[in-house]
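See structure below.
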Amino acid sequence: MDIAQLSTQLKTKTPAMVYLILGKQQVLQQQAIDAFISLIPENEQVMNVGRYDMEATPLAVALDDAMATPFFGERRLVIINKPFFLTGEKTHSKVEHDLDSLKKYLEPPEPSTILVFAAPYEKLDGRKGIVKQLKKTAVLVDASPLDERAARQRVRTQLSTAGFEISEAALDELVQRTNADYGMMDASLTKLKILAYHEKKIDQNMVAALVPQSLDENVFDLVTAVLKHNQIKALDLYQQLLAGQQPPLRINAVLVGQFRLLIQIKVLSKRGLTQGSLASQLNVHPYRIKLGLKTARDFSMQALENAYLGLIRIEQSLKTTQRDPSLCFSYLCYSILSRAKEHDIEKEDKKICFLILFLRKVRNKKATNLIVAFLLLSVTC
């Protein structure tokens, strides 16, 4: 089940005895934990809520707490954080865990305790016996990173529950400025709700005023300007990044990463990979892949490679010389534009040569005049 389903179930039904929250989206992990904590009255939480980090505390300590009787309350809540022993990941923790005691606890679990495993991992090691047993006993709660569609729906639901509305344009702006990262979107909602406290409506201007663009988003605009040969806009965006105290090497590194991603997308998409497959194989958020596909289609591989190699040269220059970063970037824009013009001139030369050869074979004077007029028009345009 997802977080919304969990919240509904906890409010309407008797909670299960064991839950497993699995997924790397930290904000969803926290929302699930908050939902469990809300089951325990506030005046009982000090005595009846226990949290244990498995990288610092033995599992036996948490299980002892789980087997204890609730203190002047209906139930206990025990949260086991970072249960790395359920994965195949290596850890530097020297804490030893008695997994046999966990097996015994699960056969059957303590009825007056809600035992929650908060596992911030992509997956568990399904080969382990304890994992198989836990999956049979526990209710699985999905905390995997949300895609754009799910993130939009989650934001709408959260705002609606709190009594707020958000326009479609405002939601589009929020998605764009956060790269559809639900964690960043959720973090922005508090400020937006404060600004829209009286009207209870969030519009695009509010989002633009309160939610800063990420470096990746600014760089994406910069990449588009460079590829479209809009030197004035490209240089203006670059200066804005420098004015925002972004180090030149960091800006260049993000640019290099963006062009590398576009090249990878262009190559792999030609092999038939879908948007979802690209996101999985490149380990990139689906929203970035969506934008990258649109950009990669509009520009040639040669243009992408030229920009990428130019940025590599800028990186070397920034590391080994004292050249002005803006000057280096200006030269890159100029060189990309020059190569584009050379390519256009080469195409025009081929067109003219073809028409001249064709003219030599045309004997009709009127037809010849029409072709000459077309030739002049094509050259001037």
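State the number of residues belonging to region 1-16 that are charged (D, E, K, R) and either closer than 14 Å to residue 158 by Cβ or in a helix (DSSP H, G or I) (or both). Walk me through it before giving the result.
Narrowing region 1-16 to residues charged (D, E, K, R): 2, 11, 13.
Now restrict to residues that are either closer than 14 Å to residue 158 by Cβ or in a helix (DSSP H, G or I) (or both): 2, 11.
Number satisfying all stated conditions: 2.
Could you pull out the residue among 78, 18, 61, 49 that is touching an Asp or Glu at 6+ places or on another chain (Cβ under 6 Å) and modelled with pLDDT of 90 or more?
78
Of everything in region 123-148 that's within 16 Å of residue 182 (Cβ to Cβ) and at pLDDT 90 or above, which residue is surrounded by the fewest Cβ atoms within 10 Å (Cβ to Cβ)?
144
Testing residue 157 on (1) surrounded by 20 or more Cβ atoms within 10 Å (Cβ to Cβ); (2) farther than 27 Å from residue 294 by Cβ, one condition comes back false. Which one is that?
The one condition residue 157 does not meet is (1).
Among the candidates 39, 102, 28, which residue alone is modelled with pLDDT of 90 or more, at negative phi and in a loop (DSSP other than H, G, I, E, B)?
It is 39.
Give just the number: which of (1) among the aromatic types (Phe, Trp, Tyr); (2) more than 30 Å from residue 301 (Cβ to Cβ); (3) part of a helix (DSSP H, G or I) does residue 238 not satisfy?
Result: residue 238 fails condition (2) only.
When residue 322 is evaluated against the numbered criteria (1) at pLDDT below 80; (2) in a helix (DSSP H, G or I), which criterion, by number, is the only one it fails?
(2)
Among the listed residues 297, 288, identify the single one that is over 26 Å from residue 183 (Cβ atoms), of a type in the set (D, E, K, R) and in a helix (DSSP H, G or I).
Checking each option against the conditions leaves just 297.
Only residues in region 273-300 that are farther than 13 Å from residue 259 by Cα count as the first member; pair them with residues that are among the small types (Gly, Ala, Ser), Cβ under 6 angstrom, at least 6 apart or cross-chain, and list the lot.
286/279; 287/180
Restricting to region 31-56, count the residues that are out of contact with any strand residue (DSSP E or B) (no Cβ under 9 Å at 6 or more places or on another chain) and polar (S, T, N, Q).
Going through region 31-56 one residue at a time, the tally reaches 3.
Check 74, 44, 55 and return the single one that is over 27 Å from the mean Cα position of the chain (by Cα), assigned to a helix (DSSP H, G or I) and surrounded by fewer than 18 Cβ atoms within 10 Å (Cβ to Cβ). Give the steps one after another, and end with the answer.
On the way: 74 fails: assigned to a helix (DSSP H, G or I); 55 fails: assigned to a helix (DSSP H, G or I).
The unique qualifying residue is 44.
Yes or no, residue by residue, for (1) of a type in the set (Lys, Arg); (2) touching a helix residue (DSSP H, G or I) at 6+ places or on another chain (Cβ under 6 Å):
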{"site": "228", "(1), (2)": "yes, no"}
{"site": "236", "(1), (2)": "no, no"}
{"site": "250", "(1), (2)": "yes, no"}
{"site": "260", "(1), (2)": "yes, no"}
{"site": "266", "(1), (2)": "yes, yes"}
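The values are calculated or read from the model by the stated rules, or taken from the named source; none is laboratory data. The structure displayed is predicted, hence computed values, not measured ones. Every residue, glycine as well, gets a Cβ built from its backbone with ideal geometry; the counts of neighbours run over all protein chains shown.
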